[in-house]
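Here is the structure we will look at.
The values are calculated or read from the model by the stated rules, or taken from the named source; none is laboratory data. The shown structure was predicted, so the numbers you read here are calculated from the model rather than taken from an experiment. Reconstructed Cβ throughout: ideal geometry from the backbone, glycine too, with neighbour counts over all protein chains shown.
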Amino acid sequence: MRVLLIGSGGREHALAWSIARSPALRELHAAPGSPGIAALATCHPVSSDDFEGLLGLAGALDVDLVVVGPEAPLVAGLGDLLRHSGVPVFGPGAEAARIEGSKSFAKDVMEAAGVPTARRLEDPRAPCVVKADGLAAGKGVVVCRTDEELAAGLEVARSYGDSVVIEELLEGPEVSVFGICDGVNVVALPAAQDFKRAFDGDEGPNTGGMGSYAPVPGLDAAAVEELLESVHRPVLRELARRGAPFVGTLFAGLMLTDDGPRVLEFNCRFGDPETQSILPLVDHDLLEVLATAAAGELAAGAVFPEADGAAVTVVLAARDYPTTGDRGTPIDGIAEAEAAGALVFHAGTALQGGRLVTNGGRVLNVTASGADLAEARARAYAAADLVRFDGARRREDIALAAAGR
Ligand code: AMP
Ligand code: GLY
(Lines give C-alpha, C1' and ligand atoms only; values in the text may rest on other atoms or scores of the structure.)
(Ligands and ions follow the chains in the order given, each with its own letter.)
Protein backbone atom coordinates (compact mmCIF):
# COMPACT_ATOMS: atom_id res chain seq x y z
CA MET A 1 0.00 0.00 0.00
CA ARG A 2 1.03 3.59 -0.64
CA VAL A 3 0.03 5.73 2.32
CA LEU A 4 -0.08 9.50 2.86
CA LEU A 5 -0.09 10.64 6.49
CA ILE A 6 -1.26 14.20 7.21
CA GLY A 7 0.26 16.08 10.16
CA SER A 8 3.53 16.85 11.88
CA GLY A 9 3.24 16.24 15.64
CA GLY A 10 4.27 13.53 18.07
CA ARG A 11 1.02 11.69 17.40
CA GLU A 12 1.76 11.55 13.68
CA HIS A 13 5.33 10.39 14.33
CA ALA A 14 3.90 7.52 16.43
CA LEU A 15 1.40 6.72 13.66
CA ALA A 16 4.22 6.72 11.11
CA TRP A 17 6.28 4.40 13.33
CA SER A 18 3.38 1.98 13.64
CA ILE A 19 2.36 2.11 9.96
CA ALA A 20 5.99 1.60 8.89
CA ARG A 21 6.00 -1.78 10.67
CA SER A 22 3.20 -3.12 8.48
CA PRO A 23 4.16 -5.83 5.96
CA ALA A 24 1.47 -4.32 3.69
CA LEU A 25 3.27 -0.96 3.41
CA ARG A 26 5.05 -0.18 0.15
CA GLU A 27 5.60 3.59 0.45
CA LEU A 28 4.94 5.98 3.29
CA HIS A 29 4.55 9.68 2.53
CA ALA A 30 3.83 12.51 4.96
CA ALA A 31 2.60 16.08 4.57
CA PRO A 32 4.18 18.11 5.98
CA GLY A 33 5.82 15.58 8.36
CA SER A 34 8.74 16.42 10.66
CA PRO A 35 12.46 15.64 11.04
CA GLY A 36 11.41 12.57 13.06
CA ILE A 37 8.87 11.36 10.51
CA ALA A 38 11.44 11.93 7.74
CA ALA A 39 13.35 8.88 9.01
CA LEU A 40 10.29 6.73 8.18
CA ALA A 41 8.56 8.51 5.30
CA THR A 42 9.08 10.84 2.37
CA CYS A 43 7.98 14.26 3.60
CA HIS A 44 6.29 16.75 1.28
CA PRO A 45 6.10 20.46 2.14
CA VAL A 46 2.30 20.72 1.93
CA SER A 47 0.51 22.07 4.98
CA SER A 48 -2.50 20.32 6.52
CA ASP A 49 -4.77 23.27 5.66
CA ASP A 50 -3.81 23.34 1.97
CA PHE A 51 -6.64 21.08 0.80
CA GLU A 52 -6.04 21.51 -2.93
CA GLY A 53 -2.34 20.84 -2.39
CA LEU A 54 -3.11 17.66 -0.42
CA LEU A 55 -5.62 16.44 -3.00
CA GLY A 56 -3.05 17.03 -5.75
CA LEU A 57 -0.38 15.21 -3.75
CA ALA A 58 -2.63 12.21 -3.07
CA GLY A 59 -3.37 12.03 -6.81
CA ALA A 60 0.23 12.49 -7.93
CA LEU A 61 1.44 9.79 -5.52
CA ASP A 62 -1.50 7.54 -6.41
CA VAL A 63 -1.95 6.66 -2.74
CA ASP A 64 -4.15 3.81 -1.53
CA LEU A 65 -4.92 5.46 1.80
CA VAL A 66 -4.74 8.88 3.44
CA VAL A 67 -4.53 8.94 7.25
CA VAL A 68 -5.42 12.33 8.75
CA GLY A 69 -3.83 13.12 12.14
CA PRO A 70 -5.18 16.48 13.38
CA GLU A 71 -8.79 17.58 13.92
CA ALA A 72 -8.81 20.96 12.19
CA PRO A 73 -8.65 19.66 8.59
CA LEU A 74 -11.26 16.99 9.40
CA VAL A 75 -13.69 19.53 10.88
CA ALA A 76 -13.05 21.71 7.79
CA GLY A 77 -13.96 18.87 5.40
CA LEU A 78 -10.68 17.35 4.16
CA GLY A 79 -12.13 13.84 4.58
CA ASP A 80 -15.08 14.68 2.30
CA LEU A 81 -12.91 16.31 -0.35
CA LEU A 82 -10.60 13.29 -0.59
CA ARG A 83 -13.37 10.70 -0.42
CA HIS A 84 -15.46 12.45 -3.07
CA SER A 85 -12.38 12.42 -5.30
CA GLY A 86 -12.11 8.66 -4.89
CA VAL A 87 -9.21 8.62 -2.40
CA PRO A 88 -9.69 6.17 0.50
CA VAL A 89 -9.29 8.10 3.75
CA PHE A 90 -9.10 7.23 7.42
CA GLY A 91 -10.80 10.20 9.09
CA PRO A 92 -14.42 11.38 9.26
CA GLY A 93 -16.18 13.84 6.99
CA ALA A 94 -17.08 17.31 8.25
CA GLU A 95 -20.59 16.40 9.40
CA ALA A 96 -19.38 13.47 11.56
CA ALA A 97 -16.34 15.49 12.76
CA ARG A 98 -18.78 17.95 14.36
CA ILE A 99 -18.77 15.47 17.25
CA GLU A 100 -15.50 17.27 18.15
CA GLY A 101 -16.07 20.57 16.36
CA SER A 102 -19.26 21.51 18.21
CA LYS A 103 -19.91 20.79 21.91
CA SER A 104 -23.66 21.38 21.46
CA PHE A 105 -23.80 18.96 18.50
CA ALA A 106 -21.95 16.36 20.61
CA LYS A 107 -24.46 16.88 23.45
CA ASP A 108 -27.40 16.51 21.07
CA VAL A 109 -25.98 13.28 19.67
CA MET A 110 -25.28 11.89 23.13
CA GLU A 111 -28.74 12.76 24.39
CA ALA A 112 -30.39 11.20 21.33
CA ALA A 113 -28.19 8.10 21.63
CA GLY A 114 -28.67 7.69 25.39
CA VAL A 115 -24.94 7.98 26.11
CA PRO A 116 -24.07 8.83 29.75
CA THR A 117 -22.70 12.37 29.92
CA ALA A 118 -22.68 15.41 32.22
CA ARG A 119 -26.17 16.96 32.50
CA ARG A 120 -26.67 20.19 30.57
CA LEU A 121 -27.68 23.11 32.81
CA GLU A 122 -30.08 25.81 31.63
CA ASP A 123 -28.65 28.52 33.87
CA PRO A 124 -25.02 29.09 34.73
CA ARG A 125 -24.60 28.53 38.49
CA ALA A 126 -21.38 27.44 40.25
CA PRO A 127 -20.26 24.73 40.58
CA CYS A 128 -20.44 23.96 36.86
CA VAL A 129 -18.36 23.69 33.70
CA VAL A 130 -18.53 26.28 30.91
CA LYS A 131 -17.56 25.25 27.40
CA ALA A 132 -17.13 27.29 24.24
CA ASP A 133 -19.17 25.55 21.54
CA GLY A 134 -16.52 25.45 18.79
CA LEU A 135 -12.93 24.22 18.40
CA ALA A 136 -10.68 26.00 20.89
CA ALA A 137 -7.58 23.78 21.00
CA GLY A 138 -8.44 22.62 24.52
CA LYS A 139 -8.62 26.16 25.89
CA GLY A 140 -12.37 26.74 25.68
CA VAL A 141 -13.40 24.72 28.77
CA VAL A 142 -13.44 26.29 32.24
CA VAL A 143 -14.21 24.41 35.45
CA CYS A 144 -16.03 26.86 37.75
CA ARG A 145 -16.27 26.10 41.46
CA THR A 146 -17.06 29.66 42.63
CA ASP A 147 -19.12 32.60 41.31
CA GLU A 148 -15.91 34.48 40.51
CA GLU A 149 -14.60 31.56 38.47
CA LEU A 150 -17.96 31.35 36.74
CA ALA A 151 -17.89 35.01 35.72
CA ALA A 152 -14.35 34.65 34.41
CA GLY A 153 -15.21 31.32 32.75
CA LEU A 154 -18.17 32.75 30.85
CA GLU A 155 -15.96 35.54 29.58
CA VAL A 156 -13.29 33.09 28.37
CA ALA A 157 -15.81 30.75 26.73
CA ARG A 158 -17.66 33.61 25.02
CA SER A 159 -14.39 34.99 23.65
CA TYR A 160 -14.52 32.00 21.27
CA GLY A 161 -18.03 32.93 20.09
CA ASP A 162 -21.48 33.52 21.57
CA SER A 163 -22.54 29.92 21.83
CA VAL A 164 -21.65 28.33 25.18
CA VAL A 165 -22.55 24.95 26.74
CA ILE A 166 -22.94 24.75 30.52
CA GLU A 167 -22.95 21.43 32.31
CA GLU A 168 -22.72 19.87 35.75
CA LEU A 169 -19.28 19.54 37.35
CA LEU A 170 -18.26 15.88 37.64
CA GLU A 171 -15.46 14.35 39.71
CA GLY A 172 -13.26 11.32 39.08
CA PRO A 173 -10.27 10.06 37.12
CA GLU A 174 -10.24 10.73 33.37
CA VAL A 175 -9.48 8.16 30.69
CA SER A 176 -9.26 8.21 26.91
CA VAL A 177 -10.84 5.38 24.93
CA PHE A 178 -10.17 5.28 21.17
CA GLY A 179 -12.44 3.30 18.90
CA ILE A 180 -11.34 2.70 15.30
CA CYS A 181 -14.58 2.98 13.34
CA ASP A 182 -15.70 2.08 9.82
CA GLY A 183 -19.03 3.90 9.99
CA VAL A 184 -20.84 0.94 11.56
CA ASN A 185 -18.38 -1.25 13.46
CA VAL A 186 -15.69 -0.33 15.95
CA VAL A 187 -12.58 -1.91 17.43
CA ALA A 188 -11.01 -0.56 20.63
CA LEU A 189 -7.42 0.31 21.44
CA PRO A 190 -6.16 -0.03 25.03
CA ALA A 191 -7.40 2.74 27.34
CA ALA A 192 -4.94 5.51 28.17
CA GLN A 193 -4.58 8.46 30.49
CA ASP A 194 -2.99 11.77 29.67
CA PHE A 195 -1.67 14.53 31.91
CA LYS A 196 -3.08 17.87 30.78
CA ARG A 197 -1.74 20.24 33.44
CA ALA A 198 1.67 21.84 33.07
CA PHE A 199 3.14 20.98 36.48
CA ASP A 200 3.49 18.06 38.89
CA GLY A 201 0.47 17.24 41.02
CA ASP A 202 -1.86 18.45 38.25
CA GLU A 203 -1.03 22.07 39.02
CA GLY A 204 -0.77 24.95 36.60
CA PRO A 205 -2.40 25.74 33.27
CA ASN A 206 -3.79 23.22 30.80
CA THR A 207 -1.44 22.12 28.03
CA GLY A 208 -1.69 19.93 24.96
CA GLY A 209 -0.58 17.09 27.27
CA MET A 210 2.63 16.55 29.30
CA GLY A 211 2.63 12.75 29.23
CA SER A 212 0.54 9.62 29.05
CA TYR A 213 0.39 5.97 29.90
CA ALA A 214 -1.50 2.87 28.77
CA PRO A 215 -3.23 0.64 29.63
CA VAL A 216 -5.23 2.07 32.54
CA PRO A 217 -5.22 -0.25 35.60
CA GLY A 218 -8.74 -1.57 36.17
CA LEU A 219 -9.78 -0.97 32.55
CA ASP A 220 -8.89 -4.24 30.84
CA ALA A 221 -10.08 -5.23 27.37
CA ALA A 222 -13.43 -6.48 28.73
CA ALA A 223 -14.09 -3.17 30.52
CA VAL A 224 -13.14 -1.21 27.39
CA GLU A 225 -15.49 -3.40 25.36
CA GLU A 226 -18.31 -2.45 27.77
CA LEU A 227 -17.52 1.22 27.12
CA LEU A 228 -17.70 0.62 23.36
CA GLU A 229 -21.14 -0.87 23.90
CA SER A 230 -22.48 2.00 26.03
CA VAL A 231 -20.68 4.91 24.33
CA HIS A 232 -19.13 4.35 20.89
CA ARG A 233 -21.71 2.06 19.27
CA PRO A 234 -24.75 4.19 20.20
CA VAL A 235 -22.94 7.28 18.84
CA LEU A 236 -22.04 5.46 15.61
CA ARG A 237 -25.69 4.43 15.15
CA GLU A 238 -26.93 7.95 15.83
CA LEU A 239 -24.43 9.56 13.42
CA ALA A 240 -25.28 7.01 10.72
CA ARG A 241 -28.99 7.70 11.29
CA ARG A 242 -28.25 11.39 10.68
CA GLY A 243 -26.55 10.51 7.40
CA ALA A 244 -23.06 11.18 8.79
CA PRO A 245 -21.39 7.78 9.30
CA PHE A 246 -18.16 8.11 11.29
CA VAL A 247 -15.04 6.60 9.68
CA GLY A 248 -11.94 7.25 11.73
CA THR A 249 -10.94 7.29 15.40
CA LEU A 250 -13.81 8.12 17.74
CA PHE A 251 -12.00 9.26 20.88
CA ALA A 252 -14.15 9.34 24.02
CA GLY A 253 -12.81 11.46 26.88
CA LEU A 254 -14.46 9.87 29.90
CA MET A 255 -14.66 10.60 33.59
CA LEU A 256 -15.02 7.54 35.83
CA THR A 257 -17.44 8.95 38.44
CA ASP A 258 -18.89 7.15 41.47
CA ASP A 259 -22.09 6.83 39.42
CA GLY A 260 -20.31 5.23 36.47
CA PRO A 261 -18.48 6.49 33.38
CA ARG A 262 -19.59 9.81 31.86
CA VAL A 263 -18.46 11.26 28.54
CA LEU A 264 -16.83 14.70 28.87
CA GLU A 265 -16.01 15.12 25.20
CA PHE A 266 -15.50 13.38 21.92
CA ASN A 267 -12.63 13.91 19.54
CA CYS A 268 -12.66 12.84 15.92
CA ARG A 269 -9.01 11.68 15.74
CA PHE A 270 -6.24 9.98 17.71
CA GLY A 271 -5.24 11.72 20.97
CA ASP A 272 -1.89 13.33 21.55
CA PRO A 273 0.09 12.19 23.61
CA GLU A 274 -2.03 9.06 24.33
CA THR A 275 -1.30 7.58 20.88
CA GLN A 276 2.44 7.58 21.65
CA SER A 277 1.82 5.21 24.61
CA ILE A 278 -0.92 3.11 23.00
CA LEU A 279 0.62 2.18 19.65
CA PRO A 280 3.79 0.53 21.04
CA LEU A 281 1.45 -1.81 22.95
CA VAL A 282 -0.54 -2.88 19.92
CA ASP A 283 1.07 -5.98 18.51
CA HIS A 284 -1.11 -5.85 15.45
CA ASP A 285 -0.92 -4.52 11.91
CA LEU A 286 -2.32 -1.02 12.47
CA LEU A 287 -2.18 -0.10 8.78
CA GLU A 288 -4.32 -3.08 7.88
CA VAL A 289 -6.92 -2.07 10.49
CA LEU A 290 -6.98 1.58 9.32
CA ALA A 291 -7.31 0.54 5.67
CA THR A 292 -10.06 -1.95 6.53
CA ALA A 293 -11.94 0.73 8.48
CA ALA A 294 -11.53 3.26 5.65
CA ALA A 295 -13.04 0.69 3.28
CA GLY A 296 -16.02 0.15 5.63
CA GLU A 297 -15.08 -3.46 6.12
CA LEU A 298 -14.31 -3.97 9.82
CA ALA A 299 -15.72 -7.27 11.07
CA ALA A 300 -18.64 -6.84 13.49
CA GLY A 301 -16.90 -8.46 16.45
CA ALA A 302 -13.35 -7.34 15.61
CA VAL A 303 -11.02 -7.12 18.63
CA PHE A 304 -7.34 -6.44 19.06
CA PRO A 305 -5.48 -9.05 21.07
CA GLU A 306 -5.16 -7.93 24.73
CA ALA A 307 -2.18 -5.59 25.17
CA ASP A 308 0.87 -7.11 26.76
CA GLY A 309 2.71 -4.93 29.27
CA ALA A 310 2.49 -1.17 29.54
CA ALA A 311 3.96 2.00 28.05
CA VAL A 312 4.68 5.47 29.42
CA THR A 313 5.35 8.70 27.51
CA VAL A 314 7.14 11.69 29.01
CA VAL A 315 6.88 14.99 27.14
CA LEU A 316 9.97 17.21 27.02
CA ALA A 317 8.70 20.76 26.66
CA ALA A 318 10.26 24.17 26.19
CA ARG A 319 11.03 26.21 29.33
CA ASP A 320 8.03 28.56 29.05
CA TYR A 321 5.48 26.12 27.60
CA PRO A 322 2.47 26.50 27.46
CA THR A 323 2.92 30.30 27.44
CA THR A 324 5.44 30.23 24.61
CA GLY A 325 7.51 27.68 22.74
CA ASP A 326 11.18 27.75 21.82
CA ARG A 327 12.98 27.87 18.51
CA GLY A 328 16.49 27.09 17.39
CA THR A 329 17.95 25.55 20.57
CA PRO A 330 20.17 22.52 19.73
CA ILE A 331 18.96 19.09 20.88
CA ASP A 332 21.31 16.26 21.87
CA GLY A 333 21.04 12.71 23.15
CA ILE A 334 18.21 11.25 21.07
CA ALA A 335 20.41 8.42 19.75
CA GLU A 336 21.44 7.56 23.32
CA ALA A 337 17.79 7.46 24.46
CA GLU A 338 16.92 5.21 21.51
CA ALA A 339 19.92 2.97 22.25
CA ALA A 340 18.52 2.63 25.78
CA GLY A 341 15.39 1.09 24.23
CA ALA A 342 13.06 4.10 24.15
CA LEU A 343 11.12 5.56 21.25
CA VAL A 344 11.68 9.29 20.79
CA PHE A 345 8.86 10.97 18.90
CA HIS A 346 9.33 14.49 17.56
CA ALA A 347 6.57 16.93 18.51
CA GLY A 348 8.23 20.28 17.79
CA THR A 349 11.66 20.04 16.17
CA ALA A 350 13.33 21.41 13.04
CA LEU A 351 16.59 20.97 11.16
CA GLN A 352 18.84 24.02 11.02
CA GLY A 353 21.90 23.52 8.86
CA GLY A 354 21.73 19.80 9.50
CA ARG A 355 21.43 20.30 13.28
CA LEU A 356 18.29 19.19 15.14
CA VAL A 357 16.83 22.12 17.10
CA THR A 358 13.71 22.96 19.09
CA ASN A 359 10.72 24.28 17.16
CA GLY A 360 7.65 24.53 19.36
CA GLY A 361 6.23 24.12 22.86
CA ARG A 362 6.18 20.38 23.24
CA VAL A 363 9.48 19.37 21.67
CA LEU A 364 9.93 15.60 22.12
CA ASN A 365 7.99 12.64 23.49
CA VAL A 366 10.02 9.87 25.10
CA THR A 367 8.11 6.57 25.21
CA ALA A 368 9.19 3.31 26.80
CA SER A 369 7.48 -0.05 27.26
CA GLY A 370 7.84 -2.55 30.07
CA ALA A 371 6.23 -5.57 31.68
CA ASP A 372 4.16 -3.20 33.83
CA LEU A 373 3.69 0.54 34.34
CA ALA A 374 6.44 0.74 36.98
CA GLU A 375 9.02 -0.75 34.61
CA ALA A 376 7.84 1.32 31.62
CA ARG A 377 7.94 4.47 33.75
CA ALA A 378 11.47 3.82 35.04
CA ARG A 379 12.69 3.21 31.47
CA ALA A 380 10.94 6.27 30.05
CA TYR A 381 12.47 8.61 32.66
CA ALA A 382 15.91 6.98 32.36
CA ALA A 383 15.81 7.54 28.59
CA ALA A 384 14.43 11.08 28.98
CA ASP A 385 17.44 11.85 31.24
CA LEU A 386 19.69 11.24 28.22
CA VAL A 387 17.99 13.84 25.99
CA ARG A 388 19.22 17.40 26.43
CA PHE A 389 18.31 20.85 25.21
CA ASP A 390 18.61 24.14 27.00
CA GLY A 391 15.47 24.88 29.01
CA ALA A 392 13.99 21.37 28.69
CA ARG A 393 11.18 20.88 31.17
CA ARG A 394 9.08 17.83 32.04
CA ARG A 395 6.70 16.56 34.68
CA GLU A 396 8.22 14.08 37.11
CA ASP A 397 4.96 12.38 38.06
CA ILE A 398 3.72 10.87 34.78
CA ALA A 399 2.12 7.49 35.63
CA LEU A 400 3.50 7.74 39.18
CA ALA A 401 0.24 7.02 41.00
CA ALA A 402 -0.88 4.34 38.53
CA ALA A 403 2.50 2.58 38.66
CA GLY A 404 2.18 2.23 42.44
CA ARG A 405 -1.24 0.64 42.23
P1 AMP B 1 -13.26 18.84 27.24
O2 AMP B 1 -12.53 19.61 26.19
O3 AMP B 1 -14.74 18.93 27.16
O4 AMP B 1 -12.74 17.44 27.44
O5 AMP B 1 -12.82 19.49 28.61
C6 AMP B 1 -11.45 19.66 28.94
C7 AMP B 1 -11.23 19.25 30.38
O8 AMP B 1 -12.14 19.95 31.23
C9 AMP B 1 -11.53 17.78 30.63
O10 AMP B 1 -10.44 16.98 30.33
C11 AMP B 1 -11.84 17.81 32.12
O12 AMP B 1 -10.65 17.84 32.90
C13 AMP B 1 -12.56 19.11 32.29
N14 AMP B 1 -14.02 18.90 32.21
C15 AMP B 1 -14.79 18.95 31.10
N16 AMP B 1 -16.09 18.71 31.39
C17 AMP B 1 -16.14 18.49 32.71
C18 AMP B 1 -17.21 18.18 33.64
N19 AMP B 1 -18.49 18.09 33.24
N20 AMP B 1 -16.88 18.02 34.95
C21 AMP B 1 -15.60 18.15 35.36
N22 AMP B 1 -14.57 18.44 34.55
C23 AMP B 1 -14.82 18.60 33.24
N1 GLY C 1 -4.78 14.27 24.77
C2 GLY C 1 -6.01 14.90 24.50
C3 GLY C 1 -6.21 15.27 23.10
O4 GLY C 1 -5.53 14.81 22.20
O5 GLY C 1 -7.12 16.04 22.84
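Quick test for you: out of 254, 290, 250, 236, pick the one residue that is part of a helix (DSSP H, G or I), under 15 Å from residue 188 (Cα atoms) and under 17 Å from the mean Cα position of the chain (by Cα).
290
Limited to the stretch 387-397, what total is found for residues that are in contact with an Asp or Glu (Cβ under 8 Å, 6 or more places away or on another chain) and closer than 9 Å to residue 366 by Cβ?
First, pick out the residues of the stretch 387-397 that are in contact with an Asp or Glu (Cβ under 8 Å, 6 or more places away or on another chain): 387-389, 391, 395-397.
When the remaining residues are screened for being closer than 9 Å to residue 366 by Cβ, the result is 387.
Of the residues in that region, 1 qualify.
With surrounded by fewer than 21 Cβ atoms within 10 Å (Cβ to Cβ), within 24 Å of residue 213 (Cβ to Cβ) and in contact with a helix residue (DSSP H, G or I) (Cβ under 9 Å, 6 or more places away or on another chain) as the only criterion, which of 282, 231 stands out?
282
Residue check: is residue 280 under 30 Å from residue 28 (Cα atoms), more than 11 Å from ligand 2 (Cβ to nearest atom) and modelled with pLDDT of 95 or more? Working first, answer last.
Details: under 30 Å from residue 28 (Cα atoms): yes; more than 11 Å from ligand 2 (Cβ to nearest atom): yes; modelled with pLDDT of 95 or more: yes.
Yes.
Go through the stretch 161-187 and count every residue that is surrounded by 14 or more Cβ atoms within 10 Å (Cβ to Cβ) and more than 16 Å from ligand 2 (Cβ to nearest atom).
Residues in the stretch 161-187 being surrounded by 14 or more Cβ atoms within 10 Å (Cβ to Cβ) and more than 16 Å from ligand 2 (Cβ to nearest atom): 14 in total.
Can we say residue 297 is among the charged types (D, E, K, R), out of contact with any helix residue (DSSP H, G or I) (no Cβ under 7 Å at 6 or more places or on another chain) and within 16 Å of ligand 2 (Cβ to nearest atom)?
Against the criterion (among the charged types (D, E, K, R), out of contact with any helix residue (DSSP H, G or I) (no Cβ under 7 Å at 6 or more places or on another chain) and within 16 Å of ligand 2 (Cβ to nearest atom)), residue 297 does not qualify.
Using beta carbons and a limit of 6 Å, which pairs, at least six apart or on different chains, have the first residue in the stretch 153-182 and within 30 Å of residue 307 (Cα to Cα) and the second one part of a helix (DSSP H, G or I) and within 16 Å of ligand 2 (Cβ to nearest atom)?
Filtered contacts from the stretch 153-182: 176/274.
Within the bounds of the stretch 188-198, is there any residue that is without any contact (Cβ under 8 Å) to a residue 40 or more places away in the chain, assigned to a helix (DSSP H, G or I) and either over 17 Å from the mean Cα position of the chain (by Cα) or crowded, with 16+ Cβ neighbours inside 10 Å (or both)?
Checked against the condition, which is being without any contact (Cβ under 8 Å) to a residue 40 or more places away in the chain, assigned to a helix (DSSP H, G or I) and either over 17 Å from the mean Cα position of the chain (by Cα) or crowded, with 16+ Cβ neighbours inside 10 Å (or both), the stretch 188-198 yields no hits at all.
In the list 11, 26, which residue meets the criterion of being crowded, with 24+ Cβ neighbours inside 10 Å, modelled with pLDDT of 95 or more, out of contact with any His (no Cβ under 9 Å at 6 or more places or on another chain) and not acidic (Asp, Glu)? Working first, answer last.
On the way: 26 fails: crowded, with 24+ Cβ neighbours inside 10 Å.
Every option except 11 fails the conditions.
Of all the residues that make up the stretch 220-235, how many are among the hydrophobic types (A, V, I, L, M, F, W, C) and touching a strand residue (DSSP E or B) at 6+ places or on another chain (Cβ under 6 Å)?
4
Condition check: more than 14 Å from ligand 1 (Cβ to nearest atom), under 30 Å from residue 320 (Cβ atoms) and not β-branched (Val, Ile, Thr). Does residue 159 satisfy that?
Taking the combined requirement at face value, the residue satisfies it.
With the condition being in contact with a Leu (Cβ under 6 Å, 6 or more places away or on another chain) and within 30 Å of residue 257 (Cα to Cα), I'd like the strands (runs of 3 or more DSSP E) fully within the stretch 20-135 carrying at least 2 qualifying residues. First the steps, then the outcome.
Working: elements: 27-32, 65-68, 128-132.
Qualifying strands (runs of 3 or more DSSP E): 128-132.
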